1. Return the long-range amide H neighbours of Lys113 (sequence gap of 5 or more, or a different chain), with a cut-off of under 5 Å between placed amide H atoms.
2. Calculate the spin-label point distance for Met34 paired with Trp72, positioning each point 7 Å from the Cα along the beta-carbon direction, and give it in nanometres.
3. With all protein chains present, calculate the accessible area of Asp46 using a 1.4 Å probe and round the result to the nearest 10 Å².
4. Only helical DSSP H runs with n ≥ 4 go in: add -39500 (n - 2.57) per run for the chain, normalise by residue count and round the 222 nm mean residue ellipticity to 500 deg cm²/dmol.
5. Where both partners of a DSSP beta bridge lie in the chain, what percent of those bridges are antiparallel, to the nearest 5?
6. Work out how much length Ser138 to Lys112 would gain on full extension: take 0.36 nm times their residue separation and subtract the Cα-Cα distance, in nm to one decimal.
7. Tell me which lysines have Cα within less than 19 Å of Lys206's Cα, excluding those fewer than 8 residues away on the same chain?
8. Tell me the accessible surface of Cys209 in square angstrom (1.4 angstrom probe, heavy atoms of protein chains only), to the nearest ten.
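The values are calculated or read from the model by the stated rules, or taken from the named source; none is laboratory data. The shown structure was predicted, so the numbers you read here are calculated from the model rather than taken from an experiment. Positions of Cβ are generated from backbone atoms using ideal geometry, with glycine treated the same way; all protein chains shown enter the neighbour counts. Heads up: the accessible areas ignore ligands, DNA and RNA and are worked out on the full protein's heavy atoms, side chains in. Shrake-Rupley method; radii C 1.70, N 1.55, O 1.52, S 1.80 Å.
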Amino acid sequence: DFYYQLVKKALDSNADVVMTDFVFNFKYDTPPRMTYYPLDPLYLTDFCWENEEIMKNFFEYHGTLFSLHAVWNKIYRRTLWEQAQKYVEEVKTPLILCEDILMNIFLLAFAKKMVNTHGVRFYHTIRSESESCNITVSEQKILNAFQNVKDAFDVSLAFLTQIEKAGNFFEEKNRQYYESLVAAYFSYIQNDSSISSNKRLSLYEKISCI
């Protein structure tokens, strides 16, 4: 049982957060397929991060490891949710993208110990029609994606400042995290052959105003 194994790991190690591996499940594709990343560095090792090390490592990877910034492959101690609640309730901007990154920032900021386990995989179903997929399907969806990224990291920086964790390191890493996602979304636009050169230029102008 997925949650039994994670809860057991949390109790055995007295951890606030337990992370496990995951599989992308494209069950609605033709033909259906699954994708697993066995060379993800966090799949290849056991880690035990404590106190400031947790947030430092989270930001050091700045979005390069999907397993780290997702929320559905983790369990969190209830007290973390209670500590984060007031900051979550202050977020008034609707987020379709980056909400998992921001939620992790809220929760991990209060964690004292985070560990991982292996062989217990979360099967994450990917639907092509979901809001987080195919962001280049329309101009508005593209602009919404860039706006979401900006809003999420504006909130992140404000939160880190509020709990006195900003400083030079986290401000710089917050910026790098933001820039890495912006670069990823730009690559979607550049690699989509259905978007004409003129349309790309128009999009770049509008994105620059966000």
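1. The list, which skips near neighbours in sequence, is Asp16, Val17, Asn51.
2. 1.4 nm
3. 110 Å²
4. Numbers: 8 runs with 109 residues, N = 210.
Here the helix-only value at 222 nm equals -16500 deg cm²/dmol.
5. Of all bridge pairs located within the chain, approximately 55 percent are antiparallel.
6. Values: separation 26, 0.36 × 26 = 9.36 nm, distance 4.24 nm.
Stretched fully, the Ser138-Lys112 segment lengthens by 5.1 nm.
7. Leaving aside lysines fewer than 8 places away in the same chain, those within reach of Lys206 are Lys141, Lys150.
8. The accessible area of Cys209 comes to roughly 110 Å².
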